[in-house]
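Read through the structure below, which is laid out as structure tokens, and then see the notes.
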Amino acid sequence: MTSTQRAPAPAARAGLDVARLRADFPILQTSVRGKPLVYLDNAATSQKPRSVIERLERYYAAENANVHRGVYYLSERATAAYEGVRGQARAFINAREAREMIFVRGTTEGINLVASSWGRRNLGPGDEVLISAMEHHSNIVPWQLICEERGATLRVIPMNRRGELLLDEYARLLGDRTKIVAIAHVSNSLGTINPVAEIVRLAHARGIPVLVDGAQAAPHVKIDVQELGCDFYTISSHKMFGPTGVGLLYGRAEHLDAMPPYQGGGDMIKSVTFAKTTYADLPAKFEAGTPNIAGGVGLGAAIEYLTGLDWSLVAAHEHDLLEYANTRLGEIPGVQLIGTAANKASVVSFVVEGVHPHDVGTIADQEGVAIRTGHHCTQPVMDFFGIPATARASLAFYNTRADVDALVAAIHRVRKVFG
């Protein structure tokens, strides 16, 4: 096989009808610079199936009204559609109650909500917040802000050169001053799948709650918050084939009930006087103002789409793509893989010797291949590996071995251009 020749798919992959799935995504049929689009930036945002696009159009064409307050037909219809998604979301992650599902703008807002509301109630001088060395900035900065405000300290679980957390060190960091652990389920820059259930078990043995950033897990991993045992779990719609600008925060009802509101305004109140405001019950207490209604119903369509997939076949297909990409890229002289954990989602980060990742991405784009380059909002990860940035190919169930081959061909062109 030559350096750019495409390898045949193994028979084991025949169970997932990738061609049929690709047909569900209109954008995958387009061309870029005269070449078929090869979309490998799913960790940044995923593409949307036709069912999600059509659901958004149907909402605006036939259901558009504000929710919760109207007694007329359109408002009642919009409210039913929007609130129905809360129940879908509860089932999707196996929460106990629909009222434990809070609509947010995305994972970033979900983390900020917990850091701000839970943190102001529970953190004080000398207390500690424990995060990991591989966190996205969205799971670092909110905790830095609340620690600075409350006089608490941020501590970091170290990792090894493969991009795996050191659980022995984690266990040693857990102490009497640790008030919460905040951890990524899946690393966006390394692809590492963290052992969340074990992390939660060790924390709960000391009575410490755990928040999980599930932004990268939702498109790849079957989520069961009761099985994981976590106290908070937050996800973003646009990472899981839904619209941008909407997401979900799961929180155990006992935590959410005890937390003060995150924002004030319409829908999060029972009554208001100039002397005192009485707050609404869950989940409304954390949902001030007019929500992203269209985004919410679009998220419901995405959940319906994902629920209809055979996750065992998806997992097998994505694992095959990951292994194939690791092998093909590893055969290219001068290419170094960054993040080689034993348990990984389909994220491949790499550097090409002597070439800045931005140049790698620019040349790949000329070949119709969309990858992400930069620090991926994980600058501490880049510092740990002693590099400024990586090129990242992040795969989804609609990707193929041919997509990987196109990436490999692009990298060979990079090496040719830069000698």
Out of the residues in region 330-361 that are open to solvent by 80 Å² or more (accessible area, probe 1.4 Å) and polar (S, T, N, Q), which is farthest from Gly386 (Cα to Cα)?
-> Asn343
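Any residue in region 245-254 that is modelled with pLDDT of 95 or more, surrounded by fewer than 21 Cβ atoms within 10 Å (Cβ to Cβ) and among the small types (Gly, Ala, Ser)?
yes
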Being hydroxyl-bearing (Ser, Thr, Tyr) and open to solvent by 10 Å² or more (accessible area, probe 1.4 Å) is the filter here, so list the residues in region 111-139 that pass it.
-> Ser116, Ser138
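Restricting the search to region 111-140, which residues are part of a helix (DSSP H, G or I), within 17 Å of the chain's Cα centre (by Cα) and not small (Gly, Ala, Ser)?
Scanning region 111-140 gives Ile111, Asn112, Leu113, Val114, His137, Asn139.
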Does Glu318 qualify as being in contact with a Ser or Thr (Cβ under 9 Å, 6 or more places away or on another chain), open to solvent by 60 Å² or more (accessible area, probe 1.4 Å) and touching a residue at least 40 places away in the same chain (Cβ under 8 Å)?
-> no
Scan region 60-81 and report the pairs whose first residue is on the phi < 0 side of the Ramachandran plot and whose second residue is in a loop (DSSP other than H, G, I, E, B) and basic (Lys, Arg), with Cβ atoms within less than 8 Å and a gap of 6+ or a chain change.
-> Ser75/Arg69
Quick one: which helices (runs of 4 or more DSSP H) sit completely within region 1-103 and have at least 1 residues that are loosely packed, with under 13 Cβ neighbours inside 10 Å and at pLDDT below 95?
-> 73-93
Of residues in region 373-393 being in contact with a His (Cβ under 8 Å, 6 or more places away or on another chain) and part of a helix (DSSP H, G or I), the one nearest to His356 (Cα to Cα) = Met382
Hey, could you check region 192-237 for residues that are within 25 Å of Thr307 (Cβ to Cβ) and assigned to a helix (DSSP H, G or I) and say which is most open to solvent (accessible area, probe 1.4 Å)?
-> Glu227
Which one is farthest from the chain's Cα centre (by Cα), of the residues in region 142-162 that are in a helix (DSSP H, G or I) and closer than 27 Å to Asn343 by Cβ?
-> Trp143
Taking region 347-372 and keeping only residues that are assigned to a helix (DSSP H, G or I) and either under 18 Å from the mean Cα position of the chain (by Cα) or without any contact (Cβ under 8 Å) to a residue 24 or more places away in the chain (or both), one is left with Thr362
Filter region 32-80 down to residues that are in contact with a Phe, Trp or Tyr (Cβ under 7 Å, 6 or more places away or on another chain) and not charged (D, E, K, R), then give me how many there are.
-> 6
For region 163-182, indicate whether the set of residues that are part of a loop (DSSP other than H, G, I, E, B), open to solvent by 60 Å² or more (accessible area, probe 1.4 Å), within 30 Å of Gln47 (Cα to Cα) and at pLDDT 95 or above is non-empty.
-> no
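The values are calculated or read from the model by the stated rules, or taken from the named source; none is laboratory data. Only a predicted model underlies this, so the values are computations on that prediction, with no experimental measurement involved. Note: ideal-geometry Cβ built from the backbone for every residue, glycine included; neighbour counts use all protein chains shown. Just so you know, the surface numbers come from the protein's heavy atoms only, side chains and all, with ligands and any DNA or RNA stripped out. Shrake-Rupley method; radii C 1.70, N 1.55, O 1.52, S 1.80 Å.
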